[in-house]
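Each remark here refers to the structure printed beneath this line.
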Amino acid sequence: LRILTDLDKEYRDAEFTLTADLEQADQMNLEAILTLKDTDGKPVMTASSAPDNGIFRGTYRITNPYKWSDEKPYLYTVTLELKQDDKVLERIERSLGFRKIEIRQRQMYVNGKRTKLAGACRHEIDPLTGRANTMRHAEQDVKLLKAANLNYIRTSHYPPCRELLDAADRIGMYVEVEAP
């Protein structure tokens, strides 16, 4: 499952493209139902399609969505249901923020506004357990960094746990994932 978002030149309207690859989908008579909901759980859009050569793909235009930034981390919920003969086989739910990051003349812009990064490097480490079970500290770590008036985390040379990335999305923190 891959979801990409983009904003138009005025940073007003957005589109997102969802692609899901499923082996043998054409032979299974599947239908994909996609729903985008706001933070109140109200549907913003719904679409359905059948696979084409095992791939579900759609690009959807959203008029003037709330934009995600470190100061206003607004997240929508995307739900993809795979159905076969009205029976739900799988349900995948992800958070989605609409934002556009650009570099212009060595300056970073988020949704057309110049943004300054203030951050720290973070290793997944606990003084008692080492690198084990660091996901239970992820949310607290992001909250502490945000409370210290930071908006940026640079991770270490291994992938961060998903809990850290989810907390950063919810709380409003930019994350640079260092490549191994």
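The values are calculated or read from the model by the stated rules, or taken from the named source; none is laboratory data. Everything numeric in this text was worked out from a predicted model, so none of it was measured. Backbone-built Cβ (ideal geometry, glycine too); neighbour counts: all protein chains shown. Remember, those area values only see protein heavy atoms, side chains included, never the ligands or the DNA or RNA. Shrake-Rupley method; radii C 1.70, N 1.55, O 1.52, S 1.80 Å.
Entry note, the chain: the mean residue ellipticity at 222 nm calculated from DSSP H runs of n ≥ 4, each adding -39500 (n - 2.57), is -3500 deg cm²/dmol after division by the residues and rounding to the nearest 500. Of the residues VAL142, VAL44, VAL88, the one that moves most in a GNM of the chain with alpha-carbon contacts below 10 Å is VAL88.
Listed values (i) 68, 38, 26; (ii) 89, 35, 35; (iii) 51, 45, 32 include one computed from this model; for Cα extents along the principal axes in Å that value carries the label (iii). Springs between Cα atoms under 10 Å define the GNM used for the chain, and in it the highest mean-square fluctuation of LEU144, LEU82, LEU18 occurs at LEU144.
Modelled spin labels at LEU117 and ILE171, positioned 7 Å past Cα toward Cβ, are 1.8 nm from each other.
What does the extension gain come out to for ASN64 and ILE125, with contour length at 0.36 nm per residue minus their alpha carbon separation? Intermediate results must be reported in sequence, preceding the final value.
Values: separation 61, 0.36 × 61 = 21.96 nm, distance 4.05 nm.
Extending this stretch completely gives an extra 17.9 nm.
Could you give the size of the charge dipole of the chain about its Cα centre, using +1 on the Cβ of each K and R and -1 on the Cβ of each D and E, expressed in debye and rounded to the nearest 20? Display every interim value, and only then the final one.
On the way: 28 positive and 29 negative charges, 204 e Å.
Charge dipole, the chain, about its Cα centre: 980 debye, nearest 20.
First select every other residue whose beta carbon is under 10 angstrom from the beta carbon of ARG61; then total the charges, Lys and Arg +1, Asp and Glu -1.
Values: positive: none; negative: ASP8, ASP13, GLU15.
That sum, taken over residues with Cβ under 10 Å, equals -3.
Between GLN107, GLN140, GLN84, the Gaussian network model of the chain with springs among Cα atoms under 10 angstrom shows the greatest mean-square fluctuation at GLN107. The angle separating the long axis of helix 138-147 from the principal Cα axis of greatest extent in the chain is about 50 degrees.
Looking at the stretch 1-132, the accessible area is 67 square angstrom per residue; that uses a 1.4 Å probe and ignores ligands, DNA and RNA. Computed from the Cβ-Cβ distance with R0 of 41 Å, the FRET efficiency linking GLU15 to LYS143 stands at 0.80.
Can you give the longest stretch of the chain with no exposed loop site, where a site means GluC sites (Glu not before Pro) in a DSSP loop (not H, G, I, E or B) with at most 15 other C-beta atoms within 10 Å? Can you show the working numbers first?
Working: sites that count: GLU10, GLU23, GLU71, GLU178.
Between exposed loop sites, the widest span is 72-177.
How far, in degrees from 0 to 90, does helix 162-171 lean away from the longest principal axis of the Cα atoms of the chain, to the nearest 10? Once rounded, one gets 80 degrees. Full extension of the chain segment joining ARG136 with ILE55 gains 25.6 nm, where the gain is 0.36 nm per residue of separation less the Cα-Cα distance.
Please list, by residue number, every one of the trypsin sites (Lys or Arg not before Pro) in the stretch 79-158 that is coil in DSSP and has at most 12 other beta-carbon atoms within 10 Å. The partial results should precede the final answer.
Values: sites: LYS83, LYS87, ARG91, ARG94, ARG99, LYS100, ARG104, ARG106, LYS113, ARG114, LYS116, ARG122, ARG131, ARG136, LYS143, LYS146, ARG154; in loops: ARG99, LYS100, ARG106, LYS116, ARG131.
Taking the stretch 79-158 and a limit of 12 other Cβ atoms within 10 Å, the loop trypsin sites (Lys or Arg not before Pro) found are ARG106, LYS116, ARG131.
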